[in-house]
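See structure below.
Derivation of every value follows stated rules applied to the coordinates shown; laboratory data play no part. Computed from a predicted model, the values in this text were never measured in an experiment. All Cβ positions, glycine included, derive from the backbone under ideal geometry; neighbour counts span all protein chains shown.
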Amino acid sequence: MVESSMFVVERDPIGATTKEVAEKELRETPENVANGLRDLRELLESDPSIRYETDDEFLIIFLRPCKFYAKSAYELMKRIAEFRARYSTLFDGLLPEHEKDAFITYNLINILVNRDQRGRRVLICRTGGNWNPSKVTTNQLLRIFYLLHLAALLEPETQVRGIVVVMDVKDLGMSQIRAFTPSFAKKLTSFVQEAFPLRLKEFHVVNNSMIFKIVWQIVKPLLNEKLNKRVCSDVQVKIKCSKFSLSLTQVYFHQKDLTSLHKFLDPDVLPEDYDGTRAKMNYTAKDWYPAIEDYIEFIRKWNSCGKRQI
């Protein structure tokens, strides 16, 4: 466990309660773990086109979201390698120090110091009026999100319980809309749909107004066919909370109705900023950035993986 002020990267093994969740939801039994590790190593050894570390701790990162089916984990690893190769100019050799200023100067992405009522990490993305695209570009936002997902991968508890994203688009304006190009939307949706080895359990959009529909019209065509079929009827219905499914992910649009958000995230786990009972967030990325820096070696290890140069 590494702590930087209030933020803690929890490296401890999962506890008894989380083990029960892992067994029920992820097929995580000693037999399935052993078989998954063995079979995944064999698949990687037989494929000269990609390179990954093969220690148990590293491979578990990919086996858990795939319920310990080695072939599925292998396909996920190939997609991750392909994604990183496709966007190599963004991600090759990426380290926290490369986006340190964007991390600590502009409070766009924050992590709650506490988990939610289901033990999940909660990520707050403030990409409304407080985001100045001339100061932090969309590519920088994506790089920050990518670095954060690497930190989350280090937490066994998060590997099992998953994460929840709250996207706050309060005061979204045309400067943000113009920055949200189809090119950026494609990168973002490709990452989440193809190359994201975490259990993204819920995605909540809050404070969304009519102008947010412009963003949605950019994103919607990039979603896969199955997801689009699930989206159309729900999103077009004008209700306070609409939703669609993305694999295991549920996406909800709450507008300004925070009581709707509370149906999914208990007020006891939310700060005052979102009408929760916890104190107003008095911490920013500046507080938890050093905790990520403590794991530079893991990030370097991750950066060494991917497609082989042939």
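Quick rundown of the values:
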| read-out | value |
| --- | --- |
| Helix axis angle, 30-45 relative to the chain longest principal axis, alpha carbon, degrees | 80 degrees |
| In degrees, nearest ten, helix 182-194 long axis to first principal axis of the chain (Cα) | 50 degrees |
| Amide proton proximity set for residue 50, modelled H, under 5 Å, gap of 5+ | 308 |
| Mean-position separation - Cα centroids, the stretch 1-73 and the stretch 75-122, in angstrom | 19 Å |
| Residues 19, 24, 187 arranged by fewest to most Cβ contacts within 10 Å | 24, 19, 187 |
| Packing-based exposure ordering (other Cβ within 10 Å, fewest first) of 104, 109 | 104, 109 |
| Rg and Dmax of the stretch 7-88, Cα atoms only, in Å | 13.9, 40 |
